[in-house]
Amino acid sequence: MNDVAISFPKKFAAFDKPSRYKFARGGRGSAKSWTVARKLLLIGGQSPKRILCTREVQKSIKQSVHQLLKDQVTALGLGGFYNVLETEIRGKNGTRIYFSGLSDQTVDSIKSFEGVDICWIEEGQAITDKSLKILAPTIRAKGSEIWVTYNPQLDTDPIHVLANSGRSDVITIDVNWYDNPWFPEVLNNERLEAKAALSKAEYEHIWEGKCMPAVEGAIYFNEIADAEAKGRVTLLPYDPMLKVHTIWDLGFNDSMFILFAQRLASEVRIIDAIEDNRRTLVSYVTEDVAPRNYNWGDDWLPHDGFAKRHQSGKSDAEVMRLLGRNVAQIPNMEVEAGIRRGREVFPRIYFNKESEGVMRLVECLKRYRRHVSKSTGEPSRPVHDEYSHGADAFRYLCIVSDKLTNHNQDDLPPQPIPTVTSYW
């Protein structure tokens with residue numbers, strides 16, 4: 001391949017240093033993908049390389065960076081060196097560039113990538129923890145590298161956590177529109193219009209590469225953003241003077257989600273939470289709940305907790321009462337009404353950030369969203385996924401929030417006997 005002189009944004013000089021992981025993150029117009037595509041084409045032209053271009057979901061080659069690389073081959077005048085085929089790109093020196101999605105890969109199917117020298121993950125914010133754990137050990141050729149371009153979505157995204165890990169084998173650069181010396185005027189006009197029209201959080205995410213308070217379209221997007229902005233995700237130690245109530249979203253194959261909440265005046269404090277599956281109700285009570293020795297209030301179960309199970313002939317409520325728990329029933333409220341109730345109560349909710357379970361709940365609330373019709377673009381019912389169980393438990397908590405008391409039933413003052421006086 002003949003010498004090719006190319007200029008790159010200055011920050012990408014960091015990518016010239018060998019490192020296991022290289023992250024370029026930022027917003028629209030930063031030339032992240034454009035720059036990485038050019039760098040990989042040049043590296044592949046200097047010596048034979050196997051390069052894998054991947055993302056979380058790739059149902060067809062159109063969803064890959066194939067077209068971007070094809071355009072850059074033309075722009076750099078490398079058409080005589082690279083042969084752009086329908087599903088791969090080949091260099092005359094033996095370089096091969098492949099394209100594949102990660103979501104459908106298994107430990108066995110991904111073995112074909114073992115000889116890859118450089119793996120480029122595009123739209124890395126969408127990569128799941130499962131995909132990352134399958135991919136990373138597979139890219140293991142000597143000196144192999146994993147490059148990632150992404151616009152951060154949540155600060156808990158697996159890729160973002162790795163990019164911020166501070167590991168010695170990680171290089172992370174932040175690049176945005178103002179780092180792109182070729183940022184076009186037409187795109188700058190679009191940016192300015194967006195700055196005037198969008199919320200601060202949306203603008204900063206799209207154009208400045210900042211994390212969002214919740215995923216786009218999240219049901220509690222504004223509420224969780226407000227909770228974080230006003231410091232309601234904070235340190236919340238257990239107060240032994242207040243009753244601890246548990247709120248249960250029941251599950252076996254699906255997740256069981258249990259919230260531990262205290263109430264002080266109008267405040268509702270979520271001090272801890274448990275999520276697990278494929279365990280018996282008895283094991284939760286005897287191994288996770290009772291041993292905490294809290295000042296217990298009530299255990300709130302949804303309506304299905306009071307239905308008898310055909311296996312045992314007992315309801316979950318009966319089982320828990322036999323274990324000495326004070327069981328109460330959550331009023332049966334339609335989901336949308338419960339979500340509206342959740343929005344009403346949210347400003348009174350405080351989350352204990354020291355609890356992993358509570359931070360998992362926060363994660364669920366950030367990702368709880370609706371189905372969106374592909375034909376109309378209209379949102380409909382909430383999505384049932386791994387995040388909906390925590391959101392359901394939260395909804396139940398909000399429904400009963402005003403029923404959480406700090407006294408025992410035996411301590412209640414006697415109620416007057418209603419009388420009717422008649423005069424004849």
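Which one of the conditions (1) of a type in the set (V, I, T); (2) closer than 27 Å to A13 by Cα; (3) out of contact with any Asp or Glu (no Cβ under 9 Å at 6 or more places or on another chain) does I134 fail to meet, given that it meets all the rest? Of everything listed in (1) of a type in the set (V, I, T); (2) closer than 27 Å to A13 by Cα; (3) out of contact with any Asp or Glu (no Cβ under 9 Å at 6 or more places or on another chain), I134 misses just condition (2). Applying the criterion of at least 2 residues that are within 30 Å of the chain's Cα centre (by Cα) and either farther than 17 Å from S47 by Cα or of a type in the set (G, A, S) (or both) to the strands (runs of 3 or more DSSP E) found wholly in segment 73-151 leaves 96-101, 118-122, 145-150. The residue pairs whose first member lies in segment 147-176 and is within 15 Å of E56 (Cβ to Cβ), whose second member is among the hydroxyl-bearing types (S, T, Y) and surrounded by fewer than 21 Cβ atoms within 10 Å (Cβ to Cβ), and whose beta carbons are closer than 6 Å, counting only pairs six or more residues apart or on different chains, are T149/S33.
Checked against (1) farther than 19 Å from I159 by Cα; (2) modelled with pLDDT of 95 or more, K62 passes all but a single condition, namely (2).
Screening A307 against (1) over 27 Å from V233 (Cβ atoms); (2) touching a residue at least 60 places away in the same chain (Cβ under 8 Å); (3) exposed (fewer than 12 other Cβ atoms within 10 Å of the Cβ) leaves a single unmet condition, (2).
Going by the conditions given, is D179 over 26 Å from the mean Cα position of the chain (by Cα), surrounded by 13 or more Cβ atoms within 10 Å (Cβ to Cβ) and touching a residue at least 40 places away in the same chain (Cβ under 8 Å)? In short, yes. Within segment 285-343, if we keep just the residues that are of a type in the set (A, V, I, L, M) and not in a helix (DSSP H, G or I), the residue that is farthest from T405 (Cα to Cα) turns out to be A307. If a residue must be in contact (Cβ under 8 Å) with a residue 12 or more places away in the chain and acidic (D, E), how many such residues does segment 185-201 contain? So the answer is 0. V57 fulfils the conditions (1) touching a Ser or Thr at 6+ places or on another chain (Cβ under 8 Å); (2) surrounded by 15 or more Cβ atoms within 10 Å (Cβ to Cβ); (3) under 22 Å from P158 (Cβ atoms) except for a single criterion, (2). Consider segment 58-72 and keep the residues that are assigned to a loop (DSSP other than H, G, I, E, B) and either hydroxyl-bearing (S, T, Y) or out of contact with any strand residue (DSSP E or B) (no Cβ under 6 Å at 6 or more places or on another chain) (or both). The one that is farthest from A126 (Cα to Cα) is S60.
The values are calculated or read from the model by the stated rules, or taken from the named source; none is laboratory data. Computed from a prediction, not measured in an experiment: that's the story for all the values here. Cβ sites come from the backbone with ideal geometry, for glycine too, and all protein chains shown count toward neighbours.
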